[in-house]
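The values are calculated or read from the model by the stated rules, or taken from the named source; none is laboratory data. Predicted, not measured: the structure shown is a model, and the values here were computed from it. Cβ: placed from backbone, ideal geometry, glycine included. Neighbour counts: every protein chain shown.
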Amino acid sequence: MRPHAALPYLAAGIIALAAVTLTVRTATLRDAARQTEGMTAKEAGGTPSTDTGNGASRPFAFTRLPPGSESRTAELRKQIARVMASRQRFEHESALLALLRELAPGDFPIALDAIVHGAGNDDYDDAPFLFTQWMRTAPQDALTYAQSHPDLERPLLEAWVQSDPAAALDRARQKKPAEESRRLLGQMFFAVSRQEPQAALKLLDELSPQERESPLEELAGRGTPAQFAATLEWAAGLKDPDERTAALQKMLLHWNQAHSAREFELLLTLPDPAKSLSKGYDLYHWAERAPDEALAGFNRIPEGPFQAAAVRQMAPGLIAGGREDAADAILARYPETMTPFLRQTCISLIAPHDLERAIAMAAEIRDPFYRENGTIVALQACLEHGGDAARQAEEWTASHELSPKLQQFMEVYRGKPSQ
């Protein structure tokens, strides 16, 4: 385990793989539906199959029955259940497209109800896709149905905003309470940005600065790097300085993936970049991932409070990225930033590959409490790292006289079950 992973302010960014997967899938289904419109199930891509439970496969049989009959309804529900139970994505999507070719206008409510309330596969989110197709074929029927089914609010708006943005925005704005309205606006924007990035940016132009907050936060938290980069440039181009600052801060503070030189460049244009750092903008992982690039960005910061604030994140990141020399250099420029906590952070990163230096750094701490804690941090980092680092920690404790607190730490650690 990497020692710094548990530090409270060094939260690791998680790449939104789920959002990427859904983006690709939605686009694939949408394009396939357009290409196969008017075709039979067979023409739409062959006859998909499903697992029979004994390892064999059987084809989906789409029975054509008179619309509205009880037997057709029962058969349609059965077919939907089989589609939703598909274990493989290709089979699931092929079956869904083939079934779509068989749906009459009156079948959509039954199919939606079966998807939304049935025992489906959580890996698939078919309701927005199916509702989009219904909106294309019978928009008034779809809207009338959705008004009496609150659980379809999200797929309704995600589909509607792509065909009639003004009407969809009005519907979302009427939602009460205000928090729910903002949530829907965020989901609508994210749905459009997955499929039509430029249309999503035009949608942002229609929103007030307050209404943009949820969409920008939604994209920064779940979007792909490409989506984020395009929207970030939109924010950077806003004419009103207050709107520009608000949009950039919202995006930069909620982006949970790797930072870049462009983002840092825009951060420097904000009226109070140090405030953004204090609110959570993360330089640590940029310095760890691309230390030279991050160091070049740091050197562009004018000397002062912002550069001092940046040291607290950059120095540990540079150490983790293998640039201890650079970390030492910037710490020497701002020695006041070396608080006991920051020193312990650096110690935990250095110790696994240079225990003697880490122990020496701990010994430089004036406060006896933090000095002893620094030694414990160094030993713990080595022991958790394992291998040669753990062996060096054991050798160090065996060759030095330990304080009662250090003895207690080693006894507790050695009492742990082996991992």
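With the structure loaded, tell me whether ASP151 is part of a helix (DSSP H, G or I), surrounded by fewer than 17 Cβ atoms within 10 Å (Cβ to Cβ), acidic (Asp, Glu) and at pLDDT 75 or above or whether it fails that test.
No; evaluated as a whole, the condition is false for this residue.
Taking the range 188-232, which residues are among the acidic types (Asp, Glu), outside any helix (DSSP H, G or I) and within 18 Å of ARG173 (Cβ to Cβ)?
GLU206
Here's a check for you: in the range 391-410, which residue that is charged (D, E, K, R) and either in a helix (DSSP H, G or I) or touching a strand residue (DSSP E or B) at 6+ places or on another chain (Cβ under 9 Å) (or both) is farthest from GLU356 (Cα to Cα)?
The qualifying residue farthest from GLU356 (Cα to Cα) is LYS405.
Is one or more of the residues making up the range 79-87 within 20 Å of ALA191 (Cβ to Cβ), modelled with pLDDT under 80 and of a type in the set (A, V, I, L, M)?
No.
Any residue in the range 186-208 that's over 15 Å from ARG244 (Cα atoms): show its pairings with residues that are basic (Lys, Arg) and at pLDDT below 80 at Cβ separation under 6 Å, as long as the two are six or more apart or on different chains.
As it stands, the answer is GLN187/ARG154, since those pairs meet every condition given.
What tally of residues in the range 359-391 results from selecting those that are over 17 Å from GLU411 (Cα atoms), touching a residue at least 24 places away in the same chain (Cβ under 8 Å) and in contact with a helix residue (DSSP H, G or I) (Cβ under 6 Å, 6 or more places away or on another chain)?
Number satisfying all stated conditions: 5.
What are the residues in the range 287-304 that are modelled with pLDDT under 85 and buried (at least 17 other Cβ atoms within 10 Å of the Cβ), if any?
The answer is ILE301, and nothing else.
For the range 117-128, check the following and say yes or no: at least one residue is at pLDDT 75 or above and assigned to a helix (DSSP H, G or I).
For the range 117-128, residues at pLDDT 75 or above and assigned to a helix (DSSP H, G or I): absent.
Of everything in the range 191-217, what is surrounded by fewer than 22 Cβ atoms within 10 Å (Cβ to Cβ) and within 15 Å of the chain's Cα centre (by Cα)? Give them in sequence order.
Of everything in the range 191-217, just one residue is surrounded by fewer than 22 Cβ atoms within 10 Å (Cβ to Cβ) and within 15 Å of the chain's Cα centre (by Cα), namely GLU217.
Scan the range 355-388 for residues that are surrounded by fewer than 16 Cβ atoms within 10 Å (Cβ to Cβ) and either of a type in the set (A, V, I, L, M, F, W, C) or not in a helix (DSSP H, G or I) (or both) and jot them down.
Those that are surrounded by fewer than 16 Cβ atoms within 10 Å (Cβ to Cβ) and either of a type in the set (A, V, I, L, M, F, W, C) or not in a helix (DSSP H, G or I) (or both): ALA360, ALA363, GLU364, ARG366, ASP367, PHE369, GLY386.
Identify all residues within the range 324-341 that are part of a loop (DSSP other than H, G, I, E, B) and buried (at least 21 other Cβ atoms within 10 Å of the Cβ); write none if there are none.
Here is the first cut: in the range 324-341, the ones part of a loop (DSSP other than H, G, I, E, B) are 334, 338-339.
The answer is none; no residue qualifies.
May I ask you to list pairs of residues, at least six apart or on different chains, whose Cβ atoms are under 7 Å apart, with the first in the range 294-316 being free of Cβ contacts under 8 Å to residues at least 40 places away in the same chain and part of a loop (DSSP other than H, G, I, E, B) and the second being surrounded by 21 or more Cβ atoms within 10 Å (Cβ to Cβ) and not polar (S, T, N, Q)?
ILE301/ALA310
Assess whether THR345 counts as being within 19 Å of GLU288 (Cβ to Cβ) and surrounded by 14 or more Cβ atoms within 10 Å (Cβ to Cβ).
For THR345, the condition - within 19 Å of GLU288 (Cβ to Cβ) and surrounded by 14 or more Cβ atoms within 10 Å (Cβ to Cβ) - is met.
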